[in-house]
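The values are calculated or read from the model by the stated rules, or taken from the named source; none is laboratory data. Everything quoted here is computed from the prediction, not taken from an experiment. Cβ coordinates were reconstructed from backbone atoms using ideal geometry, including for glycine residues, and neighbour counts include every protein chain displayed.
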Amino acid sequence: MKITRLEYQKKDPNRVNVYVDDKFLAGIDANDVIKLDLYANKEITPDELNKIIADSEFGKLFNATLNFLSFRPRSEWEVRQFFLRKQKHKDHRARTKAPSDITLTTSENQMDAVLAKLRQIGQIDDAAFARWFVDQRRTFKPLGKRALKYELRKKGLDQKVIAGILAEPAGEDTAPSEADLATRALTKKLSRLKMTATDAKSRFETKTKLIQFLLTRGFDYDVAKEVVEKALKMEYTQD
């Protein structure tokens, strides 16, 4: 087998298409052309072809993952789920194009290699992700610790990481208390309500609904009850 042509890709000049025996084999990073000592008319072995394909798949998966991470921070579990969706398609396409005597790199090996590089350059860090996630929730959608733990577990984070992040201060100040967060969540809710109830029954129904609202946000009942009673007392006093 022989490399018959190397050409830069039109859409991405940092990648080079490799042709073997006048048939397209794979596209690889331009730096890998130098690293693998590839050039036209070079005779190559099946092992060398395997290396070219492995580097090609690694480069495509790595670049696709960087794009995936560019929208917002992700947990390692989220990245692995992304891999599973992407790799299924990549493996199928590679098998249909690769010569029959080539052994393709397994998806698991590719994922592990990409994850290792992403960790090395600081693109994947579950603790940093959890810290960002909690800060976003505290700022834009206050939640109780119970709800935060649940959401972080859904992102695949370890219990120890979650516990450590939830115990950290928020920025330079101390972490807001559950009551503080519940008050902020309730303030937004109250701003959308018309506090016109005057009889005891209506006020009780309003109180019950607001407590239930805070419970769905992951706050404990005692915290929710205390915050709601305090807020309603101020609202009705103003009326």
The one condition L84 fails out of (1) part of a helix (DSSP H, G or I); (2) modelled with pLDDT of 85 or more; (3) under 30 Å from A163 (Cβ atoms) is (2)
When every residue in the stretch 1-21 that is assigned to a strand (DSSP E or B) and among the basic types (K, R) is compared, the one farthest from F62 (Cα to Cα) is K2
Considering every residue within the stretch 38-53, establish whether at least one is buried (at least 20 other Cβ atoms within 10 Å of the Cβ), of a type outside the set (F, W, Y) and in contact (Cβ under 8 Å) with a residue 40 or more places away in the chain.
yes
For the stretch 113-150 the number of residues that are buried (at least 17 other Cβ atoms within 10 Å of the Cβ) and assigned to a helix (DSSP H, G or I) is 15
Among residues of the stretch 196-206 being exposed (fewer than 14 other Cβ atoms within 10 Å of the Cβ) and of a type outside the set (S, T, Y), the residue modelled with the lowest pLDDT is D199
Item to check | Any chance L66 is within 25 Å of R80 (Cα to Cα), surrounded by fewer than 16 Cβ atoms within 10 Å (Cβ to Cβ), in contact (Cβ under 8 Å) with a residue 40 or more places away in the chain and assigned by TED's automatic domain parsing to the domain that holds R85 | outcome: yes
Note on Q110: of the conditions (1) over 24 Å from V161 (Cβ atoms); (2) modelled with pLDDT of 80 or more; (3) assigned to a loop (DSSP other than H, G, I, E, B), unmet is (3)
Restricted to the stretch 22-37 and to residues being assigned to a loop (DSSP other than H, G, I, E, B) and out of contact with any strand residue (DSSP E or B) (no Cβ under 6 Å at 6 or more places or on another chain), the residue farthest from E57 (Cα to Cα) is D37
Sole miss for D173 among (1) farther than 16 Å from F140 by Cβ; (2) charged (D, E, K, R); (3) at pLDDT 75 or above is condition (3)
